[in-house]
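First up is the structure itself, then whatever we jot down about it.
The values are calculated or read from the model by the stated rules, or taken from the named source; none is laboratory data. Because the structure is predicted, anything quoted here is derived from the model rather than measured. Heads up, the Cβs are rebuilt from the backbone with ideal geometry, glycines too, and the neighbour counts pull from every protein chain shown.
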Amino acid sequence: MTIAERLIARLREAGLDLPEGSRLVRIYPSPAMRNEGAWSWSAFGPGGRELQIGSQYPMAELLAAERLDTMQVTSGPVSSDTEVFPAKTCRGCGRTTSTTCRICRKPYCESCLTDHHHEGYGTPADDR
Ligand SMILES: [Zn+2]
Ligand SMILES: [Zn+2]
């Protein structure tokens with residue numbers, strides 16, 4: 001099986017609706033677009049219908065994750081997309097988290113991050 005086929009199987013296990021004949025199509029965003037969270041792949045159903053499922057994480061990285069999580073992102077006035085991301089376990093409390101420490105890159109939830117500091121770096125700054 002290809003990486004895309006294996007990922008489709010994982011996405012179905014995670015409860016996403018991918019009909020028979022769905023394809024995952026790789027997108028190659030520019031580095032600037034990638035910084036803004038552009039997707040690196042997107043799902044299409046039979047006949048090329050957009051399924052509005054995708055992720056900024058590369059397919060291989062999602063396949064390597066223990067568990068996948070999804071979140072709804074608004075893409076227009078009436079539509080929303082489903083973004084897939086690797087579920088991580090907080091090193092502090094063990095709960096699932098989507099945030100990581102900016103300095104050591106280990107997964108920590110937002111509440112544990114407020115108590116998680118690195119000597120000499122101060123509090124990790126929000127760069128948004
Ligand atoms: Zn935590
Ligand atoms: Zn850290």
- If you go through the range 4-43 one residue at a time, how many are touching a residue at least 40 places away in the same chain (Cβ under 8 Å) and of a type in the set (Phe, Trp, Tyr)? 1
- Message: Regarding the range 106-121, can at least one residue be identified that is loosely packed, with under 13 Cβ neighbours inside 10 Å, within 11 Å of ligand 2 (Cβ to nearest atom) and among the hydroxyl-bearing types (Ser, Thr, Tyr)?
- Response: yes
- Checklist (1) away from ligand 1 (no atom under 14 Å from the Cβ); (2) surrounded by 17 or more Cβ atoms within 10 Å (Cβ to Cβ) applied to Cys90, failing item: (1)
- Task: Inspect all residues belonging to the range 72-79 and state whether any of them is among the polar types (S, T, N, Q), modelled with pLDDT of 85 or more and either assigned by TED's automatic domain parsing to the domain that holds Gly37 or within 9 Å of ligand 1 (Cβ to nearest atom) (or both).
- Result: yes
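When the residues of the range 71-86 are narrowed to those that are buried (at least 16 other Cβ atoms within 10 Å of the Cβ) and either without any contact (Cβ under 8 Å) to a residue 24 or more places away in the chain or not charged (D, E, K, R) (or both), which ends up farthest from ligand 2 (Cβ to nearest atom)? Step through it out loud before you land on a result.
First, the residues of the range 71-86 that are buried (at least 16 other Cβ atoms within 10 Å of the Cβ): 81-86.
Subsequent filtering for residues that are either without any contact (Cβ under 8 Å) to a residue 24 or more places away in the chain or not charged (D, E, K, R) (or both) retains 82, 84-86.
Values: Thr82: 30, Val84: 25, Phe85: 19, Pro86: 18 Å.
Across the range 71-86, the extreme among qualifying residues is Thr82.
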